[in-house]
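The structure appears right after this line, and notes come after that.
The values are calculated or read from the model by the stated rules, or taken from the named source; none is laboratory data. Everything numeric in this text was worked out from a predicted model, so none of it was measured. Here the Cβ positions follow ideal geometry from the backbone for every residue, glycine too, while neighbour counts run over all protein chains shown. Calculation scope for accessible area: heavy atoms of the full protein, side chains included, ligands and nucleic acids excluded. Shrake-Rupley method; radii C 1.70, N 1.55, O 1.52, S 1.80 Å.
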Amino acid sequence: QVQLVESGGGLVQPGGSLRLSCTGSGFKFSWYGIHWYRQTPGKEREWVATITSGGSTIYADSVKGRFTISRDNAKNSVYLQMNSLVPEDTAVYYCQRRENGMQYWGRGTLVTVSS
C-alpha cells in the first residue's frame, strides 16, 4: 500500500538549518508530485512547498528563499532543506501525495525552533 514516511525533524536554534526527508513506497515514486505541509496546534494545515514529477518547484511566500525542496527518485525520496529557521517555523511537517482526488499523508516529523 501507499506509504510516506517523514524524518529529520528535531530541535534547532533560530537561524539554524534542518533537512527533512520524505520516503515513499507502494507506488511509482517518480510519477508523482510531492507536497510538504506543516501544522501547529490550533491551526489549519499549511501548504509549504511542492515538487512536481518533472522537478519543478513552488513555495509558499512564508518560506520562499529559505527552504528548498528537491527529489531523488533513485531513493524514492523528497527533501526539504530548511535554512534561516525562525520560531514561527515550529510545526509538525507532513509530506503528501495526491491521486484522483485521494490524498496520502505521512505521520509527520516535529520541527522545533527555539533557543
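Here Glu46 clears all of (1) out of contact with any Leu (no Cβ under 8 Å at 6 or more places or on another chain); (2) open to solvent by less than 60 Å² (accessible area, probe 1.4 Å); (3) of a type in the set (D, E, K, R) except the condition numbered (2).
Does Val78 meet the test of being open to solvent by less than 60 Å² (accessible area, probe 1.4 Å), within 24 Å of Thr112 (Cα to Cα) and in a strand (DSSP E or B)? In short, yes. Taken together, the residues in region 17-57 that are part of a strand (DSSP E or B), within 26 Å of Glu88 (Cα to Cα) and not aliphatic (A, V, I, L, M) amount to 13. Residues in region 89-110 that are open to solvent by 20 Å² or more (accessible area, probe 1.4 Å) and outside any strand (DSSP E or B) were compared, and the one that is farthest from Ser53 (Cα to Cα) is Thr90. Close Cβ contacts (under 6 Å, 6 or more residues apart or on different chains) running from residues in region 50-78 that are without any contact (Cβ under 8 Å) to a residue 40 or more places away in the chain to residues that are open to solvent by less than 60 Å² (accessible area, probe 1.4 Å) and among the basic types (Lys, Arg) comprise Ile51/Arg71.
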